[in-house]
Amino acid sequence: MTQQTASADHGAHPVRVHAADPGAVEADFYDIKDLLEPDDRKRLDTVRDWMLDNVRPVVNDQWAKAEFPRQLIAGLRDLDIAGIQFDGYGCPGRGSLVAGMISMEIARVDPSFATFFGVHSGLGIATIMLCGSEEQKRRWIPELVQWKKIAAFALTEPDVGSGASRGLTTTARREGDTWILNGRKKWIGNATFADLVVVWAKDEADDQVKGFVVHKDAAGFTPEKIEGKVSLRMVQNAEIGLDHVRVPEADRLQEAHSFKDTARVLRTTRLGVSWNALGCAMGAYEAARQYALDREQFGKPIGAFQLVQDKLAQMLANITACQTLNVRAAQLQNEGRLTDQQASLAKMFSTTRTRETVSWARELLGGNGILLEHDVARFWADAEALYSYEGTREMNSLIVGRAATGISAFV
């Protein structure tokens, strides 16, 4: 227990404040959780409790080792959150706002685990739901929802990132009822252990991008873990080799005919990364706030100093702005009205403000800000990856700029 002034009023009596005291505000400053139905709020609390009980005790150790706690995957089944934004085939059907807040809560404890979840649910399940046939949905979605199989999504290549819409070099050639895939993919989350990997490749016959579901034991499919990352270290990213990988026509996504269909998936997942970034900022703020209440200098907690309170206030402002932006975007998504430029604005803004927020958190902790034991260092490092993937800030700004002017500035 420490002392600090109750208000800016010089005549106020000092009161005792602790991190658990209502006077120490958590990151949901505008109570966005209250927008949800009671059952969904309960689900959100259950997810947060599960993360705190199961992921929080191991996350720093696993992050330092660049290992993923695969033993925890089975426990996700009872949470009933995979494919939560969709309806049917075993999906809970709770919509985009609930899905976004769940991603936010997971990232609030650990962005790496949120990325693992987002790849499986937001990319893997979403791609099959949006681009698969009815038969493919019935065949794959129930097992993915129950975490009996894990999904990955392979679009980016070693030499092709932002230019994926035009420049994919991975090829697909049809031979009868079989497709032959050749090429390489990079930065593919979950790919070292995923059972099903959605691979995007350019059809040699019509030069259009198509989607294929590749099974992990397919001959010629070789995922190799990417080592030496300094961000999202728990995520098992892989570089994948595809050497004459044979995929039956039945495993080609039947409703993926061009990159426009790929973009439909990316529109939803781009907003998901915006929610992840928001959760990352919230986690960093709350760790910094706790530190400010616990750390004493000159006979008082550092949270009693004006410069520290100023940083916390700015962090809360960033978080709250991102929350309100993401909430509105999710509402538009639920209505089927979310555009590419709206999703891009959310991702661009949230990741930029998160990067700023985690830097302030690290700064507030001083030298201790680079130690994993205080959590802020992990959020600080992980924000860098969130800032870049699912479209860099610059690429998303050009999508928004094109909408603002009617002029494309893409080369």
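The values are calculated or read from the model by the stated rules, or taken from the named source; none is laboratory data. Since the model is a prediction, treat every value here as computed from it, not as a measurement. Quick reminder, even Gly has a Cβ in these numbers, built from the backbone with ideal geometry, and neighbours come from all protein chains shown. Ligands, DNA and RNA are excluded from the accessible area calculation, which covers all protein heavy atoms including side chains. Shrake-Rupley method; radii C 1.70, N 1.55, O 1.52, S 1.80 Å.
List of remarks:
- Pairs from the list LYS149/LYS186; LYS65/LYS137; LYS137/LYS202 with a Cα-Cα gap above 31 Å: LYS65/LYS137.
- Here the chain carries DSSP beta bridges of which approximately 85% are antiparallel, counting only pairs with both residues inside.
- Carbon plus sulfur fraction of accessible area for the chain, probe 1.4 Å, in percent: 50
- Nearest-ten-degree value, helix 376-388 long axis tilted from longest Cα axis of the chain: 40
- Counting only protein heavy atoms and a 1.4 Å probe, the range 247-314 has 40 square angstrom of accessible area per residue.
- Of the beta bridges in the range 147-244, as assigned by DSSP with both residues counted there, near 80 percent are antiparallel.
- Accessible area per residue for the range 346-411, computed on protein heavy atoms with a 1.4 Å probe, is 45 Å².
- Net +/- balance of residues flanking ALA313 in space, Cβ distance below 15 Å, scoring K and R +1, D and E -1: -2
- Once the Cα atoms are used to define both axes, helix 38-50 deviates from the longest principal axis of the chain by about 90 degrees.
- Compared with the direct C-alpha span, the chain from ALA321 to GLU37 gains 100.0 nm at full extension, assuming 0.36 nm per residue.
- Counted charge near ARG355, where neighbours are those whose Cβ lies closer than 10 Å (Asp, Glu -1; Lys, Arg +1): 0
- Gyration tensor verdict on the range 242-344 (Cα atoms; rounded if a/c is under 1.5, prolate if a/b is larger than b/c, oblate otherwise): prolate
- For the range 139-203, averaging the sequence separation of C-alpha pairs within contact (under 8 Å, six or more residues apart) and dividing by the residue count gives a relative contact order of 44 percent.
- C-alpha long axis of helix 306-334 to longest principal axis of the chain, angle in °: 40
- Note: relative contact order over the range 258-411, using C-alpha pairs below 8 Å and six or more positions apart, is 32 percent.
- Sequence-separation-based contact order of the chain, relative, with Cα cut under 8 Å and 6+ spacing, percent: 17
- Average accessible surface area per residue within the range 30-159, 1.4 Å rolling probe, Å²: 39
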